[in-house]
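Enquirer: Structure incoming, see below.
Bear in mind these aren't lab numbers, they're just calculated from the coordinates by the rules spelled out. Everything numeric here is computed off the predicted structure, so don't read it as measured data. Cβ: placed from backbone, ideal geometry, glycine included. Neighbour counts: every protein chain shown.
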Amino acid sequence: MKIKNLMRLFLVSTLLFSFAACMQKEIPVILSAELTDKGVAMNSFTTEDSIVEIYLVCEDPIEGELLAKAINPSNLEISRAKVVMTLQKDDAKKFTFNFDEGLDLDQVSKYRIDLRKK
């Protein structure tokens, strides 16, 4: 009898954990017009906890600093992370942005990727 109860408890716990994992919202990621105007496109992205990963492709060479901004529902920036980008002609690469772990993800409505001006 105890084994059946343990099996049920394990099954219910597994189902609840799986359901909770599925409930995590995916926050959209968009590129700024400045990047798209320069021929940079984003083929995919993932957002998990305070980490954003994007896969960029380009037609022409481009260098600079990518600035990822966490934007709230009022369209205000609430956090940022940056990485250095160097892409050659017809190149592609994955970039990872690590935001502060204290970022309240419930306040993030989207991430915007900008090319940092010098």
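Enquirer: In percent, what relative contact order does the stretch 33-118 have, based on Cα pairs under 8 Å that are 6 or more apart in sequence? The partial results should precede the final answer.
Expert: Numbers: 178 pairs, mean separation 29.3, N = 86.
About 34 percent, as a whole number.
Enquirer: Where does the charge balance sit around G102 when Lys and Arg score +1, Asp and Glu -1, over other residues with C-beta under 14 Å from its C-beta? Intermediate values should be presented prior to the final figure.
Expert: Working: positive: R80; negative: D49, D100, E101, D104, D106.
Local net charge: -4.
Enquirer: If each residue of separation counts as 0.36 nm, what is the full-extension length gain between A92 and E63 once their alpha-carbon separation is subtracted? If you can, show how the numbers build up before the last one.
Expert: Working: separation 29, 0.36 × 29 = 10.44 nm, distance 1.26 nm.
Contour length minus the Cα-Cα distance gives 9.2 nm.
Enquirer: Shifting gears a bit: For K38, give me every one of the aspartates and glutamates with a C-alpha distance below 17 angstrom, ignoring sequence neighbours fewer than eight places off in its own chain.
Expert: Straight-distance partners of K38: E59, D60, E63, E65, D90, D91, D114.
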